[in-house]
Structures are given as C-alpha cells and as structure tokens.
Amino acid sequence: MASWNSIPLEITYQVVGWIAFVSWTFGFYPQFILNFRRKSVVGLSFDFVVLNLTKHTSYLIYNASLYFSSTIQKQYYEKYGYDEMIPVAANDVAFSTHAVLITLIVLFQILIYDRGSQKVSRIAIAIVIAVWLFAAVCFFIALPRHSWLWLISIFNSIQVFMTVVKYIPQAFMNFKRKSTAGFSIGNILLDFSGGVANYAQMIVQSIDQGFWINFYGNMGKMLLSLVSISFDIIFMCQRFVLYPNKKAQVPPKLIEETTEPLVNTSDHKQSETV
C-alpha cells in the first residue's frame, strides 16, 4: 500500500478534501431552507431531485465499497499497482451518505409543500428505472467471478451519467420560466467551490505520488467535478446575467396551488379534458 512522501502535501490533501466535503455538504441546505421558508417547492425541478437521489445513491455504493471492502481494495491494487493509493477518502464516504439523506428530506418537502402544477416527468422515472435495472444486470454478471471492482466502476459511471442528466431539467426550467426563482443560488455557489476543491485534492495527491493515475484510476471523481463545475457556471450565468431578480414568466396555472398527483400520467391528462 502506498504512503505519502510529503507530510505537508498529506495535510493539504486532507484539508482541501474536507473543504470540498463542507462545501458540498452545506450546499444542500440553502435549497432546503428556501423550501422551508417559502413552504413551497415551486421553481425547483422535481426531475432534478429524483435524478439526484439515484446519482448520490450510486456514488455512495461506489465510495463505501472501495473504502471499506478489503476485497475490492485488493482488486484495485492488482489492477493499478500496490504502490498506488486508494482514490477514495473518508470525506467522500461522509459526503455521499449525507447527500442521500438530505436529498430524501428534500423529496419529502416536495410531497408536503405547495408544488403548483409541477410533477415528476415520466422521462425521469423511466431513466431511474432503466438505470437500476442496468445495475441489477451488472450485479448478476459480476457475481460468478466476483468482479466487484468492475461492478462498482459501473456504479461510478452511473453517478457520472446521472450528474450530467440531473442538471438538464433544472437548467431547462430556468430557461423556460426566464427566472431562477425557487432555485437557490447558494447551492450552486457552494457546489462550485466543492468542485474546485475536489480537483485540487486530486492534484495534490498526484503531485505527491509523482503519477497522474489518480485521475484515470478514479475517472468518475474527475468527471464529476468537471461536469458539476460546467453546470454551476451555467446556473450562475442564468442567475446573475440572464435572469437577475426576475420573477417567473409562466402562465398562472403553473404556480397555482393544486392537489394534482405528483407523477404525471396519461390518465390524469384525460381527466382534465373531460
């Protein structure tokens, strides 16, 4: 097992890692607090939240498995070399666990607070079902040969895919409404800080080891930061440049209180036309 060559770099790695953890962790709370104060989730894309739960769950499976399983760690060393360090730190596991819990709380807020006529789209539901069916198939493929490292790499790829997909509904909703009202910019600013710190952590570790295998050995973590930072920039442009202090430009029916089902169904659409 590889060890640190430089104590200052090791300390820097831990500090920067926890900065990323704190930024990403507290990044969930501005939206939670905004929903609580408004007693409304209008303006927050429900697809974003549902897809985000799948993303963080798959990321938790990857992080916890690689961090705690000696069997998977052995497979990692056999593939990348015993001189390399495991690319998952304690803060990664802590972040993933917290992310799943707080996302479940936000989903609960969606159920109990005013949501206007917003619903979870059938596209988002189909994506979630397809992803977990795919994960189940991969599990049974890995089971005979105990290819657990390959399996968790699938979960790592899933969380990267979900990271790309999850932001699209919120960005499109902001564009359609010509407003970011109801979507907390505090979440984005902290997420951006966490992404930058995450990259810095990987760079520090690579400098200490003298190799850049940390990037392609944990491709999901690298792509996660890149995708998150890119979308954060888009959201910041929407908030501060394109739609600063603008109220949503949508028909009144989209923001009225409603008791309609949370999931959009064809049967409900037919009942509306009767």
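Using a cut-off of 25 Å between Cα atoms, the listed pairs LYS55/LYS178; LYS39/LYS166; LYS79/LYS166 include LYS55/LYS178; LYS79/LYS166 as exceeding that distance.
Think of region 1-110 as a dipole: +1 on every Lys or Arg Cβ, -1 on every Asp or Glu Cβ, centred on the Cα centre; then among PHE46, SER23, VAL93, PHE46 lies furthest on the positive end. Computed about its Cα centre, the charge dipole of region 123-222 is approximately 380 debye, with only Lys, Arg, Asp and Glu carrying charge at their Cβ.
Between ASP114 and LYS39, the modelled labels are 0.8 nm apart [label points 7 Å from Cα along Cα→Cβ]. If R0 is 22 Å, the Cβ-Cβ spacing of ARG122 and LEU143 corresponds to a FRET efficiency of close to 0.10. Between TRP132 and PHE240, the contour length at 0.36 nm per residue exceeds the Cα-Cα span by 35.2 nm.
Here, each number is a calculation from the coordinates, and none is a lab measurement. This one's a predicted model, so the numbers in the text were calculated from it and none came from an experiment. Methodologically, a virtual Cβ is constructed for each residue, glycine included, from the backbone with ideal geometry; neighbour enumeration extends over all protein chains shown.
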